[in-house]
Amino acid sequence: MSERRWVDDSLFVDPSETTSPTLAGARCPRCSTTTFPYQSGCPRCGGDAAERIALPTTGTLWSFTVQYFAPKSPYRGFEPFEPYGVGYVDLGDVCVEARLTVNDPAALALGMPMELVTLPAFAEGDVRVDTFAFAPQEVTA
Ligand SMILES: [Zn+2]
């Protein structure tokens with residue numbers, strides 16, 4: 001594949017940064033509630049002027065599961081289907097739902113450190129469509 005794009009540019013602070021992206025969240029200036037993905041309205045206080053902020057690129061695994069069968073159409077993924085991990089990663093002020101790079105539940109544990117990475121999600125002709133995911137953080141001994 002010769003080209004790539006993000007599944008949705010608005011998920012990222014700088015969509016032109018393709019190797020170490022940062023997720024774009026929203027923080028309410030009135031009550032400090034943080035949400036992802038970005039939305040101008042605050043679900044807590046009803047404020048409508050949330051600021052676009054860069055979310056941390058590391059967090060801890062809050063919950064996870066493994067998807068063992070292909071979701072119903074219009075699922076767009078690579079064939080043949082391979083089971084994949086899905087989880088919530090706690091970034092401090094917000095929990096983000098994301099694909100996980102690991103699909104072996106024995107290799108995942110609640111509370112383990114995770115880091116933001118990119119992952120090919122599917123292809124559209126010659127274009128590879130990337131999304132974000134979280135991977136167990138490499139711990140240097
Ligand atoms: Zn608010």
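The residue pairs whose first member lies in the stretch 74-89 and is closer than 12 Å to PRO105 by Cβ, whose second member is exposed (fewer than 11 other Cβ atoms within 10 Å of the Cβ), and whose beta carbons are closer than 6 Å, counting only pairs six or more residues apart or on different chains, are PRO83/TYR68.
Of all residue pairs spaced 6 or more apart or on separate chains, those with beta-carbon atoms under 7 Å, a first member in the stretch 109-126 that is within 26 Å of GLU3 (Cβ to Cβ) and a second member that is part of a strand (DSSP E or B) and among the basic types (Lys, Arg) are LEU119/ARG99; PRO120/ARG128. Pairing residues of the stretch 16-39 that are without any contact (Cβ under 8 Å) to a residue 12 or more places away in the chain and more than 27 Å from PRO120 (Cβ to Cβ) with residues that are away from the ligand (no atom under 13 Å from the Cβ) and polar (S, T, N, Q), at Cβ distances under 7 Å and at least 6 apart in sequence or on separate chains, gives no pairs at all.
Only a single item in (1) within 17 Å of the chain's Cα centre (by Cα); (2) modelled with pLDDT under 95 is not met by VAL139, and it is number (1).
Residues in the stretch 40-56 that are within 15 Å of the ligand (Cβ to nearest atom) and either aromatic (Phe, Trp, Tyr) or in contact (Cβ under 8 Å) with a residue 12 or more places away in the chain (or both): SER40, CYS42, ARG44, CYS45, GLY47, ALA49, ALA50, GLU51, ARG52, ILE53.
Has the stretch 115-135 got any residue that is of a type outside the set (Phe, Trp, Tyr), in a loop (DSSP other than H, G, I, E, B) and modelled with pLDDT of 95 or more? Before you say what the answer is, go through the steps one by one.
Kept after step one, since they are of a type outside the set (Phe, Trp, Tyr), are these residues of the stretch 115-135: 115-121, 123-131, 133, 135.
From the residues that got through so far, the ones that are in a loop (DSSP other than H, G, I, E, B) too are 125-126.
Narrowing further to those that are modelled with pLDDT of 95 or more: none.
No, that holds for no residue.
Among the residues of the stretch 35-52, is there at least one that is of a type in the set (S, T, N, Q) and within 13 Å of ASP93 (Cβ to Cβ)? Yes, there is a match, as at least one residue in the stretch 35-52 is of a type in the set (S, T, N, Q) and within 13 Å of ASP93 (Cβ to Cβ). Looking only at residues in the stretch 18-38 that are out of contact with any Asp or Glu (no Cβ under 9 Å at 6 or more places or on another chain) and modelled with pLDDT under 95, the one that is surrounded by the fewest Cβ atoms within 10 Å (Cβ to Cβ) is THR19.
Only one entry of VAL102, VAL129, VAL117 meets the criterion of being buried (at least 16 other Cβ atoms within 10 Å of the Cβ) and touching a Phe, Trp or Tyr at 6+ places or on another chain (Cβ under 6 Å), and that entry is VAL129. Condition first: in a loop (DSSP other than H, G, I, E, B) and touching a Leu at 6+ places or on another chain (Cβ under 6 Å). Now tell me which residues in the stretch 37-82 satisfy that. The answer is PRO37, LEU55, PRO56, THR57.
The values are calculated or read from the model by the stated rules, or taken from the named source; none is laboratory data. As the structure is a prediction and not an experimental result, all values here were calculated from the model. Positions of Cβ are backbone-derived with ideal geometry, glycine not excepted, and every protein chain shown enters the neighbour counts.
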